[in-house]
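Asks: Before anything else, here's the structure in question.
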Number of protein chains: 2
Amino acid sequence: MGRDVDRQELALLLRRLTVELDAVGQRFAELHGLNRTDVRALVAVMDAARRGTSLTAGALGEAVDLRSASVTALVDRLERVGHLRRVRNPEDRRRVSLEMSDTAMAAGGEFFGGLQRDLMAAMSDYSDEELETVARFLTAMTDVIVRHQRPEPTARP
Amino acid sequence: MGRDVDRQELALLLRRLTVELDAVGQRFAELHGLNRTDVRALVAVMDAARRGTSLTAGALGEAVDLRSASVTALVDRLERVGHLRRVRNPEDRRRVSLEMSDTAMAAGGEFFGGLQRDLMAAMSDYSDEELETVARFLTAMTDVIVRHQRPEPTARP
DNA sequence: GCTAATCTCTCGAACATCGAGACAATCCAC
DNA sequence: GTGGATTGTCTCGATGTTCGAGAGATTAGC
């Protein structure tokens, strides 16, 4: 019985963590006069930049699950406040690549980078073996969640 | 160096987990023709019910961070589709208590209860000791996140 | 070249959220 | 009790975000 209680609490811990992490994004948004979608978009663009690529308008729409009309409005907003730049792709001039401004990059780095630094510092209290266990656990839980999220894997054509 | 890489990946795992869990909520919303806020509200009401209490309109507004005008619209929506009931509190008739309908309770239970069940099943692969480590880790990370989220603890009056 | 496909943008409508303020019920001091 | 302040919810009008439909520009296939 004690075990079940622990596991339920563990599930609650997962949820609490997501809630708090969500609140961090919310706080960043308020701090910079953005809404939730804008932050998600900036994060997506930043992640792409970190991977060495740059997102197109369409790719951003997929990343944040928005239709093209909304992406246009979204990029308009972010461009207006100077967080993003539109750059016509010279190879395929239908495409618009999105690039973060240096100031936005710096602001994001300061906010989320600081959090990341603190998280990694807090990990120092754990042995490599323990961290390995945690990683395995998180991966397993994420897999379960992903399986729930995907539409039922029904029969193939 | 290897350690740092592991830790960075661990931080990414945390983020990925929140993203996927968020997507679960999104999926539930789409499945039931709701928006994100509606789902958050239903979860809040459901949590309260599970604790044996019932939320008032004001408390719900605090829980999902919405002004009273928006809460009214929100509850209107949820009441219109039959997920919520408004119940005037007989002791303080200014208050409106919110109660979930049985169908909404059942739908939520099936969806999120099923996820919870699968999560807990997946936890069977871990020893009590390992689960304890994970719980400690998650608590520590959440604490770090919460600390980031709160406005700087500046000087006292 | 011509046609189909792809990518982004424009336009108008639908909807969520908000601030200000109205309205009703309760609490408190007297 | 009675009057005024407080509390809790709702109404109204304005603002901002999202979407569907479709236009415009560019590229790919033949």
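The values are calculated or read from the model by the stated rules, or taken from the named source; none is laboratory data. Since we're looking at a predicted model, the values are computed, not measured. Cβ sites come from the backbone with ideal geometry, for glycine too, and all protein chains shown count toward neighbours.
Asks: Taking interchain pairs and intrachain pairs at least six residues apart, which have beta carbon atoms under 9 angstrom, with the first residue in the range B:61-77 and polar (S, T, N, Q) and the second near DNA strand D (Cβ under 9 Å from one of its atoms)?
Replies: B:Ser68/B:Ala57; B:Ser68/B:Gly58; B:Ser68/B:Gly61; B:Ser70/B:Gly61; B:Thr72/B:Ala57
Asks: Filtering the range B:48-74 down to residues that are surrounded by fewer than 12 Cβ atoms within 10 Å (Cβ to Cβ) and hydroxyl-bearing (Ser, Thr, Tyr), which residue is nearest to A:Gln26 (Cα to Cα)?
Replies: Ranking the candidates gives B:Ser68 first.
Asks: Within the range A:132-157, track down each residue that is more than 7 Å from every other protein chain (Cβ to nearest Cβ) and modelled with pLDDT of 90 or more. Show your work before the answer.
Replies: Restricting attention to the range A:132-157, the residues satisfying the condition of being more than 7 Å from every other protein chain (Cβ to nearest Cβ) are A:132, A:136, A:143, A:147, A:150-157.
Scanning the range A:132-157 gives A:Glu132, A:Arg136, A:Asp143, A:Arg147.
Asks: Right, next: Among (1) at pLDDT 95 or above; (2) surrounded by 15 or more Cβ atoms within 10 Å (Cβ to Cβ), which single condition is B:Ala104 missing?
Replies: So B:Ala104 meets the others, but not (1).
Asks: Ok, one more. Quick check on my filter: what residues within the range A:26-36 are part of a helix (DSSP H, G or I), exposed (fewer than 13 other Cβ atoms within 10 Å of the Cβ) and either in contact (Cβ under 8 Å) with a residue 12 or more places away in the chain or away from chain B (no Cβ under 14 Å) (or both)?
Replies: Passing the criteria: only A:Leu31.
Asks: Continuing with the same structure: For residues that are away from DNA strand D (no atom under 16 Å from the Cβ) and of a type in the set (Asp, Glu), scanning just the range B:74-120, find the one that is farthest from B:Arg50 (Cα to Cα).
Replies: If we take residues in the range B:74-120 being away from DNA strand D (no atom under 16 Å from the Cβ) and of a type in the set (Asp, Glu), then B:Asp118 is farthest from B:Arg50 (Cα to Cα).
Asks: If you check every pair at least six apart or on different chains, which have Cβ atoms under 7 Å apart with a residue in the range B:86-112 that is within 14 Å of another protein chain (Cβ to nearest Cβ) first and a residue that is β-branched (Val, Ile, Thr) and more than 16 Å from DNA strand D (Cβ to nearest atom) second?
Replies: Every condition considered, no pair remains.
Asks: All but one of (1) more than 27 Å from A:Arg147 (Cβ to Cβ); (2) of a type in the set (A, V, I, L, M); (3) assigned to a helix (DSSP H, G or I); (4) within 14 Å of chain A (Cβ to nearest Cβ) hold for B:Leu14, so report the exception by its number.
Replies: Only one criterion in (1) more than 27 Å from A:Arg147 (Cβ to Cβ); (2) of a type in the set (A, V, I, L, M); (3) assigned to a helix (DSSP H, G or I); (4) within 14 Å of chain A (Cβ to nearest Cβ) is unmet by B:Leu14, namely (1).
Asks: Could you please tell me which pairs satisfy a Cβ distance under 6 Å, a separation of 6+ or placement on different chains, a first residue in the range B:37-48 that is within 14 Å of chain A (Cβ to nearest Cβ), and a second residue that is away from DNA strand D (no atom under 14 Å from the Cβ) and among the small types (Gly, Ala, Ser)?
Replies: These pairs meet every condition: B:Val39/B:Gly25; B:Met46/B:Gly108.
Asks: Has the range B:134-154 got at least one residue that is in a helix (DSSP H, G or I), buried (at least 16 other Cβ atoms within 10 Å of the Cβ) and of a type in the set (D, E, K, R)?
Replies: no
Asks: Any chance you could count how many residues in the range A:41-72 are assigned to a helix (DSSP H, G or I) and more than 15 Å from DNA strand C (Cβ to nearest atom)?
Replies: Qualifying residue count for the region: 6.
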